[in-house]
Amino acid sequence: VQLQASGGGLVQPGGSLRLSCAASGTIASIHRMGWYRQAPGKQRELVATITIDGSTNYGDSVKGRFTISSDNVKNTVNLQMNKLKPEDTTVYYCNAYLRGGMMYWGRGTQVTVSS
């Protein structure tokens, strides 16, 4: 499975950004996709995930602000990030979890929230 992330960038506090992650390869084996983030010196943390049946899960710090969705036709997962805060600044990683337990990561994409 290959994961191609796009989006990210610089936004002012309170603004919005949209991340997308397109999967290719053995996509029929994908059970769940999502986003994690990792700040320097910290552990990677859950942002949001969505399963193939549409069940979602969010990290506590983004609940009510971020929304994850999937486009099964395009094999893409999108993360709409609203009401962004400076503490959301970090590198975001797309993730795919396959049936059988294998996990794949895309390259990180930087999100910077600053005035």
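The values are calculated or read from the model by the stated rules, or taken from the named source; none is laboratory data. Worth saying up front: this structure is predicted, and the values here are computed from it rather than measured. Cβ: placed from backbone, ideal geometry, glycine included. Neighbour counts: every protein chain shown. Just so you know, the surface numbers come from the protein's heavy atoms only, side chains and all, with ligands and any DNA or RNA stripped out. Shrake-Rupley method; radii C 1.70, N 1.55, O 1.52, S 1.80 Å.
Can you say whether residue 16 is touching a residue at least 60 places away in the same chain (Cβ under 8 Å), open to solvent by less than 50 Å² (accessible area, probe 1.4 Å) and farther than 15 Å from residue 105 by Cβ, as far as the supplied structure shows?
No.
Given (1) loosely packed, with under 14 Cβ neighbours inside 10 Å; (2) assigned to a strand (DSSP E or B), identify the lone condition not met by residue 41.
Tallying (1) loosely packed, with under 14 Cβ neighbours inside 10 Å; (2) assigned to a strand (DSSP E or B), residue 41 fails exactly one: (2).
Hey, residue 113 hits all of (1) open to solvent by less than 70 Å² (accessible area, probe 1.4 Å); (2) at pLDDT below 95 but one; which does it fall short on?
Evaluating residue 113 over (1) open to solvent by less than 70 Å² (accessible area, probe 1.4 Å); (2) at pLDDT below 95 leaves (2) as the failure.
Scan 62, 73 and give me the residue that is of a type in the set (Val, Ile, Thr), out of contact with any Leu (no Cβ under 8 Å at 6 or more places or on another chain) and surrounded by 13 or more Cβ atoms within 10 Å (Cβ to Cβ).
Of 62, 73, the one residue that is of a type in the set (Val, Ile, Thr), out of contact with any Leu (no Cβ under 8 Å at 6 or more places or on another chain) and surrounded by 13 or more Cβ atoms within 10 Å (Cβ to Cβ) is 62.
I'd like the full set of residues that are in a loop (DSSP other than H, G, I, E, B) and open to solvent by 30 Å² or more (accessible area, probe 1.4 Å), limited to region 44-59. Walk me through it before giving the result.
Going through region 44-59, the residues in a loop (DSSP other than H, G, I, E, B) turn out to be 44, 52-55, 59.
Matches in region 44-59: 44, 52, 53, 54, 55.
Identify all residues within region 87-103 that are outside any loop (DSSP other than H, G, I, E, B) and either in contact (Cβ under 8 Å) with a residue 60 or more places away in the chain or more than 14 Å from residue 62 (Cβ to Cβ) (or both); write none if there are none.
Within region 87-103, the first condition is being outside any loop (DSSP other than H, G, I, E, B), and the residues that meet it are 87-88, 90-98, 103.
If the condition is that a residue be outside any loop (DSSP other than H, G, I, E, B) and either in contact (Cβ under 8 Å) with a residue 60 or more places away in the chain or more than 14 Å from residue 62 (Cβ to Cβ) (or both), then 91, 92, 93, 94, 95, 96, 97, 98, 103 are the ones that fit.
Go through region 1-38 and count every residue that is outside any strand (DSSP E or B), small (Gly, Ala, Ser) and at pLDDT 95 or above. Steps first, please.
Going through region 1-38, the residues outside any strand (DSSP E or B) turn out to be 1, 8, 12-16, 25-29.
Applying the additional criterion that residues be small (Gly, Ala, Ser) yields 8, 14-16, 25, 28-29.
Among the residues that remain, those that are also at pLDDT 95 or above are: 14-16.
Residues flagged as outside any strand (DSSP E or B), small (Gly, Ala, Ser) and at pLDDT 95 or above within region 1-38 amount to 3.
Can you name the residue in region 19-34 that is closer than 12 Å to residue 97 by Cβ and within 12 Å of the chain's Cα centre (by Cα) and is also surrounded by the most Cβ atoms within 10 Å (Cβ to Cβ) among such residues?
Here the answer is 33.
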